[in-house]
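What follows draws every value from the coordinates through simple rules; no lab data is involved. From a predicted model like this one, the values you see are computed outputs, not experimental measurements. Glycine gets a Cβ as well: all are built from the backbone with ideal geometry, and neighbour counts include every protein chain shown.
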Amino acid sequence: MKLSTKGRYAVTAMLDLAINDGKNPVTLAEISQCQGISLSYLEQLFARLRRAELVTGVRGPGGGYRLAREASGITIADIIDAVDEHLDATRCGGSGDCQDGEKCLTHDLWCELSQQIHNFLKEINLQEFLDRPTVRAIIQEEQNKEPEPVPTLGVRTPDTQAA
């Protein structure tokens, strides 16, 4: 079973907010740059996350987004549910319409798998995930990286000027 891009990106973006929780609000442009997610896609996801009251927006200069509640109070399932990502291992969308309106032989097995996955994701909150040693190591590695220089168009620097 594969979780779609929508759910994976929403979880990644929310983890980015959780990492920066308590600091300044985080802009979607910053998340886009750090996580490699298109800005327009993030705008769509954050509209849904806002409606689900998982994030709050801060307007004006220095604005951006923050978690609407503590990271420990937001589960991975909350995020996936907010972006309307239904984890369904059945091919029938869980409605029992597998084969010409009837349940297939393995329908109940796949429905149970979908429920187990959802229950698993309900048990993991953002803070618990961030506290995992492997996740902490990745965060530390990212924070120690030198920021890449931003190219400026039309500005000549000593190494771009002709001799």
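Amide H to amide H distances under 5 Å link Ile74 with Leu126, Gln127, where only residues 5 or more positions off or on other chains count and H is placed in the peptide plane.
In sequence order, the stretch 72-82 has phi-based couplings of 6, x, 10, 8, 4, 5, 4, 5, 5, 5, 5 Hz under the Karplus curve 6.51 cos²θ - 1.76 cosθ + 1.60, θ = phi - 60°, and Gly or Pro positions carry x.
Across the stretch 30-45, rounded Karplus estimates of 3J(HN,Hα) from the backbone phi angles (6.51 cos²θ - 1.76 cosθ + 1.60, θ = phi - 60°) give 5, 5, 4, 5, 5, 9, x, 10, 4, 4, 5, 5, 4, 4, 5, 5 Hz, Gly and Pro being marked x.
Return the loop-located GluC sites (Glu not before Pro) in the stretch 1-60 (DSSP other than H, G, I, E, B) with at most 16 other Cβ atoms within 10 Å of their own Cβ; answer none if there are none. Numbers along the way, then the final one.
Numbers: sites: Glu30, Glu43, Glu53; in loops: Glu53.
In loop regions of the stretch 1-60 (DSSP not H, G, I, E or B), the sparsely surrounded GluC sites (Glu not before Pro) are Glu53.
Straight-line cross-link partners of Lys6 among the lysines, defined as a Cα under 19 Å from its Cα and at least 8 positions apart when in the same chain: Lys122.
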